[in-house]
Structures are given as structure tokens and as C-alpha cells.
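Structure first, then comments.
The values are calculated or read from the model by the stated rules, or taken from the named source; none is laboratory data. Being a predicted model, the structure only gives us computed values, none of them experimental. Ligands, DNA and RNA are stripped out before the accessible areas are found, and what is left, the full protein with its side chains, is counted by its heavy atoms. Shrake-Rupley method; radii C 1.70, N 1.55, O 1.52, S 1.80 Å.
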Amino acid sequence: IWINDSISCLDKRKSIYYKIIEKKKVLYGKTKKNIEKYFGIPNIQQKTNDVEQYFYFVEKGQQCFYSNKNGYDTLNVEVLFFFFDKNGKVINVGGMKP
């Protein structure tokens, strides 16, 4: 369901999102490859010094009206995030709404 709703325009991710947040500790230490297998390619990907960040849209919003990803990083929409250490292992999982 998550991957089939790739940018959350079908609004099917929200119920899964709450379950992920409840069980987030089991995701710590997983690799980027593991995360992409279950969640697909991230909607937004950022990299800073030693941390790589994956963001996945959780709710239907402005991203459903963009024709490409260029404006995604400025959207006001709830996301699920994964932070990875320099070895590509999950060190933080959470959600945020700007």
C-alpha cells in the first residue's frame, strides 16, 4: 500500500504511518536498502555532513499538483523521516509536520 501510493495522493499512508511511529525502534540499525525495499524511493532526500535524510509524504497535499520533484522541499505537508549515519544505518525515525 505504501509504495503504491508513492507521493501520498491516494491518502493511504496515514494509517500505516501511525503504526510505523509506534514501532519505530525496530527500524533502528536498518540499512537504506532495507528502508527503500519497504517504503520505496524517498520523496525527498537530503544529505548533510555525516547524516543522510529520507522523507516520505504521509498525507495528500500540494505535492499532488506538482509535475516534478523540484518544489517538494518547500511543501507544507506531514512527512515520515529516516536519518542515516555515515554507514547508511538508520539512527532516527519520526514524523513531522511543518
Of all residues in segment 7-43 being part of a loop (DSSP other than H, G, I, E, B) and open to solvent by 100 Å² or more (accessible area, probe 1.4 Å), the one that is farthest from GLN63 (Cα to Cα): LYS23
Could you check segment 59-98 and list, in sequence order, the residues that are open to solvent by less than 30 Å² (accessible area, probe 1.4 Å) and at pLDDT 95 or above? LEU80, PHE81, PHE82, PHE84, GLY88, VAL90, VAL93, GLY94
Looking at (1) open to solvent by less than 40 Å² (accessible area, probe 1.4 Å); (2) outside any helix (DSSP H, G or I), which is the only condition GLN46 fails? (1)
